[in-house]
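The next block holds one structure in the form of structure tokens; read it before the comments.
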Amino acid sequence: MIHVFAFYLFAILVVCSGALTILSRNPVHSVLWLILAFFNAAGLMILLGAEFIAMLLVIVYVGAVAVLFLFVVMMLDIDFAELRAGFVDYLPFGLLIALVLLAEIVLGIGLWSAGPIELAQRAAPTNPELSNIQAIGGLLYTRYIFLFEAAGIVLLVAMIGAIVLTHRARGGVKGQNVAKQNRRRPQDAVRNVNQPVGQGVEL
Amino acid sequence: MTAFFQGLGLPFEGAWLLSTVIGILVICLPVMLAVAMIIYADRKIWAAMALRRGPNVVGPFGLLQSFADGLKVFLQETIIPSAANRTLFLIAPIITFTVALMAWAVVPFQVGVVLANINVGLLYILAISSLGVYGVVLSGWASNSKYPFYSAIRASAQMISYEVSIGFILICVVLWAGSFNLTEIVESQKGYYGFLNGNGFNPLLFPMAIMFLISAMAETARAPFDLTEAESELVAGYQTEYSSMAFALFWLGEYANVILMCALNALLFWGGYLPPVDWAPLYFVPGIIWLFAKILFFFFVFSWVKATVPRYRYDQLMRLGWKIFLPTSLLFVFLVSGFLMLTRYGGAQ
């Protein structure tokens, strides 16, 4: 009973907040609805027994990605009338993309559950005694090790690419030399002067 | 406890729900009481270090000061700036406070005395602590005022930066314990050199313990990393526009987070509910008392640092997080996993 109630609660909230992400007028509200959607999706994952994925969803998407999103959106000064002007023009194209994605999901699930090749290649069901993390780790670091490492290399290339694209050497920046600051002692900075009246100090 | 309510004739689900709600209350109410007392302790320690008296008027030794303050803010008027985003302005402190209490669900107070003994306990804490930033960011944005907004931006950058190194530090502990479950992590700390309890006595993990303590201060935005509420630059930071209970919720949430971080320090590195020395008579003292003693010790360290260390500059804070803690913690992930590969997991093959 509680499971069913929790499922419908999370599912309804995911759908509603997903819809409100698109519909809300304020971009900050959109991001917040998106965060709520992520959060409830994590709840659904927990109901499936995939607690590791659920925690990663919250840590990565809610905790890091969405914060940066919010960060950017809060700082931007977006004109909504302008942004919404093209809505009708883009609607058919958007619907087309949505249809293609839907078809791909249906095809993917259909092949996964029915295709003979896929059935033969599928990893053996993991021991139910194992926790999520051990099961995923066991597969990831044995069977899919090359894919895993390839994904790592792709991410590294993307990271280096982002740094190369945005990094520029700027002139006239006064950096702090921490070692030099730490070496500085009072006698280097302070001088006691017994100054005769009416005269300035030679620096 | 579920079994007890089932014995009274409730169906399993009802009994589970009831016992969970009672469990939540049994944890949250003492935490809130502890927050009130720890604010008093913080002020007293700070005062003692500055050769002042601190709160000493309300109740014996000023013990009831926090409750008097609580009553005061409760009776104040909640002011919402006219330019503020009303809903988000009010939701922000609620998020801060709720999130600060949520993480306590997986903290073990004794073997088996834990509300949710889930096997991803540490990840849960990481997930919840990464939510904490939303309260600050939303309050900064919804106030529609420039100082809170600066503070929100500082806070989100700071918390994300330090979460990275905290993540690596936690991975070291998890590698050593071989589990994400907090109870198992605590149990795995038994018997270093045959008589000490605590990962902190492990030479490979001791530097991590120190770094975690410092990162915890940065993560909770305590002094010397309290740049989000640097009063000389940002008035009161993200709380500037808040008054009354909304302000009090921030205050309570902040201190609940500090206690949680102290508890995590104790649980991950100093044996949690285990006595520090693996000696039979010490086990007669209930585990919860050891845990409390360790939490209070770490809170004293937090207050001590607050009273004695001047505030960091923002560039120093970022440098410490990204250029010192991140590479060092990454190095230790490498060292710990390498050590375990060569010893515990059967040597290189």
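Annotation: aspartates and glutamates with alpha-carbon distance below 19 angstrom to B:Lys190 (same-chain offsets under eight excluded): B:Asp278. Here the Gaussian network model covers chain B, with springs between Cα atoms less than 10 Å apart; of B:Thr220, B:Thr96, B:Thr240, B:Thr240 fluctuates the most. How big, in percent, is the set of alpha carbon pairs in chain A lying more than 26 Å apart? Result: 65 percent of Cα pairs exceed 26 Å. Each part reduced to its alpha carbon centroid, the stretch B:239-262 and the stretch A:187-203 end up 49 Å apart.
Would you work out the relative contact order for the stretch B:65-222, in percent, from Cα pairs under 8 angstrom that are 6 or more residues apart? Relative contact order, the stretch B:65-222: 21 percent. Dipole magnitude for the stretch B:37-154: computed about the Cα centre from +1 point charges on Lys and Arg Cβ and -1 point charges on Asp and Glu Cβ, it is near 320 debye.
Sites count as exposed loop sites when they are trypsin sites (Lys or Arg not before Pro), lie in a DSSP loop, and have at most 12 other Cβ atoms within 10 angstrom; the longest stretch of chain B without one is B:54-189.
Normalised by the number of residues in chain B, the average gap of Cα pairs under 8 Å and 6 or more apart makes the relative contact order 21 percent. The chymotrypsin sites (Phe, Trp or Tyr not before Pro) of the stretch B:315-349 that meet both conditions, a loop assignment by DSSP and at most 16 other Cβ atoms within 10 Å of the site Cβ, are B:Tyr345.
Largest GNM mean-square fluctuation across A:Phe38, A:Phe87, A:Phe52, computed for chain A with C-alpha springs under 10 Å, falls on A:Phe87. Among the residues of A:61-70, the average count of other protein chain beta-carbon atoms within 10 Å of the residue beta-carbon is 5. For the protein assembly as shown, a simple Cβ point-charge model (Lys and Arg +1, Asp and Glu -1, everything else neutral) yields a dipole of about 1600 debye relative to the Cα centre. How large is the Kirkwood hydrodynamic radius of the stretch B:1-66, counting all unique pairs of alpha carbons, in Å? Hydrodynamic radius (Kirkwood, Cα pairs) of the stretch B:1-66 is 14.5 Å. Site-free segments of chain A were taken between GluC sites (Glu not before Pro) in DSSP loops having at most 10 other Cβ atoms within 10 Å, sites themselves excluded; the longest one is A:1-128. Comparing mean-square fluctuations of B:Cys28, B:Cys262, B:Cys172 from a GNM of chain B with C-alpha springs under 10 Å, the top value falls on B:Cys28.
Look at the stretch A:49-60: the mean tally of other chain Cβ atoms within 10 Å of its residues' Cβ atoms is 4. What does the C-alpha gyration tensor say about the overall shape of the protein assembly as shown? Classify as rounded when a/c is under 1.5, otherwise prolate if a/b is larger than b/c, or oblate. It comes out rounded by the Cα gyration axes.
Cross-link pairs exceeding 26 Å between alpha carbons, from the set B:Lys72/B:Lys294; A:Lys180/B:Lys146; A:Lys180/B:Lys323; B:Lys44/B:Lys294: B:Lys72/B:Lys294; A:Lys180/B:Lys146. Under 16 Å of direct C-alpha separation, and excluding same-chain neighbours fewer than eight residues apart, B:Lys306 reaches these aspartates and glutamates: B:Asp42, B:Glu219, B:Asp226, B:Glu229, B:Glu231, B:Glu254.
Treating each Cα of chain B as an identical point scatterer and summing with the Debye formula, the log10 of I(q)/I(0) at q = 0.08, 0.10 Å⁻¹ comes to -0.42, -0.66.
Bear in mind these aren't lab numbers, they're just calculated from the coordinates by the rules spelled out. What you are looking at is a predicted structure, and each value in this text was computed from that prediction instead of being measured. Every residue, glycine as well, gets a Cβ built from its backbone with ideal geometry; the counts of neighbours run over all protein chains shown.
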